[in-house]
Amino acid sequence: QVQLVESGGGLVRPGGSLRLSCAASGRAFSDYAVGWFRQAPGKEREFVARISRGGEITYYEDSVKGRFTISRDNARKTVYLQMNSLSPEDSAVYYCAARNGISSTYPPAYEYWGQGTQVTVSS
């Protein structure tokens, strides 16, 4: 069993940065791959980034490549999403999710989800 809590969201101006954190509780966090997803009002939840269990492999949705960086600290049981050069199109509720095994871009593949943190990019 893994519980996830996101933090770090907020209001930021276009071009600004935020760092989201996903703190996990439970045993053997290093057994779980983690993904970040986002959902804007009226839209489906979409993949943003994912990271392997050991952190060696990362993968990004095309629109965030070069702007977002996913990383993890297994000793702290935390996954981060550094977001730079934010635009209004990045506004959404951001969720982290964990699955026991290989990371995936497919939301139903994930067993555990956090409650989400709101990111609003506006001038």
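The values are calculated or read from the model by the stated rules, or taken from the named source; none is laboratory data. Predicted, not measured: the structure shown is a model, and the values here were computed from it. Virtual Cβ from ideal backbone geometry, glycine too; neighbours counted across all protein chains shown. The accessibility values were calculated without ligands, DNA or RNA, using every heavy atom of the protein model including side chains. Shrake-Rupley method; radii C 1.70, N 1.55, O 1.52, S 1.80 Å.
Of the residues that make up region 54-66, is at least one assigned to a strand (DSSP E or B) and either among the β-branched types (Val, Ile, Thr) or over 23 Å from Thr120 (Cβ atoms) (or both)? Within region 54-66 (the criterion being assigned to a strand (DSSP E or B) and either among the β-branched types (Val, Ile, Thr) or over 23 Å from Thr120 (Cβ atoms) (or both)), the answer is yes, since at least one residue qualifies.
For Glu61, state whether it is at pLDDT 95 or above and under 15 Å from Gln118 (Cα atoms). Answer is no for this residue. Among the residues of region 55-86, count how many are touching a strand residue (DSSP E or B) at 6+ places or on another chain (Cβ under 6 Å) and over 16 Å from Gly35 (Cα atoms). Total satisfying the criteria: 1. Candidates in region 56-109 are the residues that are out of contact with any Ser or Thr (no Cβ under 8 Å at 6 or more places or on another chain), in contact (Cβ under 8 Å) with a residue 60 or more places away in the chain and among the hydrophobic types (A, V, I, L, M, F, W, C); of these, the one that is nearest to Ser17 (Cα to Cα) is Cys96. Scanning region 74-123 for residues that are open to solvent by 50 Å² or more (accessible area, probe 1.4 Å), closer than 17 Å to Ala28 by Cα, part of a strand (DSSP E or B) and not hydrophobic (A, V, I, L, M, F, W, C) yields Arg99, Asn100. If you check Ala49 against the conditions, is it at pLDDT 95 or above, within 15 Å of Pro107 (Cβ to Cβ) and either part of a strand (DSSP E or B) or open to solvent by 60 Å² or more (accessible area, probe 1.4 Å) (or both)? Yes: the conditions hold for Ala49.
Of the residues in region 2-25, not one is exposed (fewer than 15 other Cβ atoms within 10 Å of the Cβ), without any contact (Cβ under 8 Å) to a residue 24 or more places away in the chain and in contact with a strand residue (DSSP E or B) (Cβ under 8 Å, 6 or more places away or on another chain).
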